[in-house]
Every structure is written in structure tokens, then in C-alpha cells.
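As C-alpha cells, the structure follows; a few thoughts come after it.
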Amino acid sequence: MSDRLSLNRRQCLALAAGAGVSALASPARAADPIDVVVELFSSQGCSSCPPADKLLTELRDQPGVLALTFHVDYWDYLGWKDTLGAPDFSQRQYDYAKARGDMDVYTPQMIVNGTKQMVGSQRSEVFAVLDQSRTKTWPVAITIGDNGKELVFAMGAGTAGSDATLWVMPVLDRVSVKIEKGEMAGSEMTYTNVVRKLVPAAMWKGAAAKVSLPKDGLLTPDATGCVALLQTGKVGAVLGAAAWGRVTS
């Protein structure tokens with residue numbers, strides 16, 4: 001399913017004070033180092049999306065792959081309000097299109113390392129781009145620490161061609177949804193590593209820095225983990241990535 005969007009620019013989502021702390025079903029653990037980031041823009045109202053949703057789940061289990069799902073809200077008018085969708089996720093996809101200059105906004109769309117986009121159900125192309133995009137070392141090292149009440153996001157020093165944004169994202173690792181209306185009426189879908197909120201936590205200008213965020217204001221009640229992406233500008237190339245909790249394979 002595809003369409004051309006003309007969305008108004010929205011304010012980035014601020015920290016939601018008072019959000020309940022997520023009860024992680026398992027503690028944070030060591031995982032394979034992240035060497036590539038894949039973002040899938042999907043919708044419960046899109047009949048073309050299930051193959052891409054399934055592929056995203058497969059990618060999640062690949063070593064080194066950080067696979068994330070963003071549910072957009074611009075198909076809600078077809079009769080089913082996406083239970084995982086939000087305007088900020090649609091805006092992120094639109095911002096990517098504007099940054100690339102092609103204005104291609106559709107579902108299912110995959111974006112790799114913040115720069116390369118493709119149809120998310122085209123398996124051979126997805127794996128080819130993934131293999132080409134893997135990196136052994138990110139330009140900027142990022143870690144996520146847990147001191148009990150806060151998550152601490154540390155960014156290393158590096159050469160900044162321009163300012164970069166540290167995006168922090170609570171993530172739900174797995175959820176099943178029964179879809180009752182719209183193109184997918186009667187289906188029960190399972191989604192993987194669903195981003196629940198977008199928080200622009202800091203701007204990075206090249207110097208090492210740390211940002212501490214209280215869990216009770218950052219994590220959504222259903223979050224099982226959290227991801228940090230450092231991106232050139234607003235949504236440009238990924239400079240560094242880290243995960244905490246139950247997110248990666």
C-alpha cells in the first residue's frame with residue numbers, strides 16, 4: 001500500500017511525565033554487538049504489510065541486527081485505528097523522505113541505517129542491503145546503563161560534521177493484535193520490537209556526553225526494553241546504536 005503524504009511538521013514527542021515504569025519480564029543481558037539498524041514502517045490497516053512484518057521478525061533473530069517496527073497512523077481512515085500507531089511515527093517516516101529528497105512514504109517501507117529505503121517485503125533486496133550496510137564500528141560509541149531509577153545514555157567523542165540527535169525509544173518486543181475492521185479484518189497479527197514512543201533526548205556536537213532519564217518518565221507501561229539511536233541531523237545516517245532490556249535477539 002502506498003500514498004503521498006502532506007503532513008504538518010509536528011513537535012517531537014516530549015518525555016511523558018508520570019508514565020508507569022515497565023515491568024521487564026527478564027533483566028537486561030549481553031547481546032550480539034549491533035552492526036546494522038533496520039526500521040520497518042507498517043500498519044494494521046495495510047494488507048500488504050504482513051509479509052514485511054514476518055520478515056522483520058526473522059531479521060530480529062539475525063546476529064548483529066537491531067530490527068524495529070514503527071506503526072503509522074495515516075491508514076486509520078480505512079476503518080481500523082492501529083492500536084500501536086502514533087502521529088510521531090508517521091512524522092518520522094515523512095522526515096526520512098524529506099531528508100532523502102525523494103518524498104517516498106508508503107507501507108511496508110524499510111529503512112536501513114537511516115539512509116537506504118526499500119519495500120519491506122522484498123526479501124532478496126532487504127538481505128542484500130543489509131549485508132552491504134553492516135559495520136564493525138559505528139562512528140560514535142553509545143552505551144545504555146541502568147542505575148535502578150534511571151537509564152544513562154553515554155555517547156563517545158567523534159568528529160561531528162553537523163549536530164546529531166540522540167533518539168531514545170521504549171520498545172515492546174512482541175505483541176499480538178486481533179484486527180476487527182479495515183483491510184485486515186479477521187486477522188490476528190504478531191509484531192516484533194514495536195517502538196512505543198520517540199524521545200529526542202539530546203543533541204550531540206562531537207564531545208563525549210551523558211544523558212540520564214528517569215525510567216518512570218521514559219518507559220511506557222508495556223515496554224520490555226529501550227533503544228538509543230544517534231542520527232545525523234534529525235533523521236539522517238545512524239552514527240551509533242545501543243539496546244537495553246529485551247529488544248535484540
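Taken together, the values in this text are just the output of simple stated rules run on the coordinates, not laboratory data. Worth saying up front: this structure is predicted, and the values here are computed from it rather than measured. So basically every Cβ, Gly included, is an ideal-geometry build from the backbone, and we count neighbours across all protein chains shown.
Quick notes on this structure:
- Peptides 75-87, 218-230 ordered by average Cβ neighbours within 10 Å, highest first: 218-230, 75-87
- Residue-span extension gain [residue 134 to residue 207] - 0.36 nm each, minus C-alpha spacing: 23.8 nm
- Anisotropy class of the stretch 61-153 from Cα gyration tensor, a/c 1.5 cut: oblate
- Taking N as its residue count, the alpha carbon Rg of the stretch 193-249 over 2.2 N^0.38 Å: 1.19
- Separation of alpha-carbon centers, the stretch 69-93 and the stretch 173-249, rounded to whole Å: 15 Å
- Over the chain: Rg over Rh, Cα atoms, Kirkwood Rh: 0.94
- With the convex hull constructed from alpha-carbon coordinates only, the stretch 163-233 shows a mean projected area of 6.3 nm² over all directions.
- Helix 123-133 and the long axis of the chain differ in direction by around 10°, with both axes built from C-alpha atoms.
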